[in-house]
1. Cα centroids of segment 217-246 and segment 135-154: how far apart, whole angstrom?
2. Taking the 0 to 90 degree range and rounding to the nearest ten, how far is the long axis of helix 190-204 tilted relative to the main principal axis of the chain, both from C-alpha atoms?
3. As a test of the definition: which semi-axes, in Å, follow for segment 84-136 when you take the square root of five times each eigenvalue of its alpha carbon gyration tensor? Largest first, please.
4. Which of L41, L115, L236 moves most in a GNM of the chain, Cα contacts under 10 Å?
5. Among the listed pairs K35/K113; K45/K157; K58/K158, which are separated by more than 26 Å between their Cα atoms?
6. Between the helical axis of 2-27 and the dominant principal axis of the chain, each derived from Cα atoms, what acute angle in degrees is found, rounded to the nearest 10?
7. To the nearest 10 square angstrom, how much accessible area does T189 have with a 1.4 angstrom probe?
8. Carbon and sulfur together cover what percent of the accessible area of segment 20-145 at a 1.4 Å probe radius?
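The values are calculated or read from the model by the stated rules, or taken from the named source; none is laboratory data. Just so it is clear, the structure is predicted and the values come from calculations on it, not from any experiment. These area figures cover heavy atoms from the full protein model, side chains too; ligands, DNA and RNA do not enter into them. Shrake-Rupley method; radii C 1.70, N 1.55, O 1.52, S 1.80 Å.
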Amino acid sequence: MKKSILLMATVLTIYFSQAQSSTDSAVFEPSTSVKWNYGSLYFGKVSLFGEYNYKHKKSFTFAVGIPVTHSTTVEIDDKDRDIEMKSFSAMAGYRMYLGKKTMTGVYFEPYLKYLNNEASTIIDEDLDNRTVNFLTTSNYSGAGIGAQLGVQFTIAKKLVFDFFFLGPEANIASHKVILKDMDSALPWTQVEAQDAEREIKETLSDIPIIGDKIDVVVDANTKTVTSDYRGFLPGLRFGLSVGYRF
């Protein structure tokens, strides 16, 4: 009798242990979502995001921005300028949801990020009593760390909306801008070179934090003005991604 009771107790223990394991597995299963940020087209890239939810309220995230040339209008020196730009970016993060649901609700996410942006436009400036059209090219490259707050919700457990609304970041950046005179075939005079240097320095002085730290070099023979900055640059990240959860 005792052996029968002991045998039955052993069987029940094994059964309930297996049932508990099955229940735990049913409560959580890893999942993946793929998302797209439509607003990234403005900066000349198609941004795709991936999220792997490996634990109940924790995920690994990865994003890549694929370069595509995009034209837009931006106000520079109180005038509308047509700018062409394209960008490449890569980002990896660790996301922690603050609520009770999986991949849903408010989250906090530290991340690493790299960005390269190329842009070009034509800017007209007054140079020694004549208007000069400058072919202006910009190249920015920066890597840094950041942390963002956001909120994510799903519809029918499949359609995902990911709104990241506050993401301050710190970057080590390199930014070079070259302005080249398109109108004159002759080298600049001393007066023209001084005017060009003054114009670009006045424009750069309006940039907060780094405006007075940008180096400016004028080459009268090639008729170019080059500005160069290397160092710390703060940033802010925000946007909306839409995707599908698998």
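1. Cα centroid of segment 217-246 versus Cα centroid of segment 135-154: 10 Å apart.
2. So the helix axis and the longest Cα principal axis differ by about 30 degrees.
3. Result for segment 84-136: semi-axes of 47, 12, 9 Å.
4. Answer for the Gaussian network model of the chain: L236.
5. Violating the 26 Å Cα-Cα cut-off are K45/K157.
6. 20
7. 70
8. Carbon-and-sulfur percentage of accessible area, whole number: 60.
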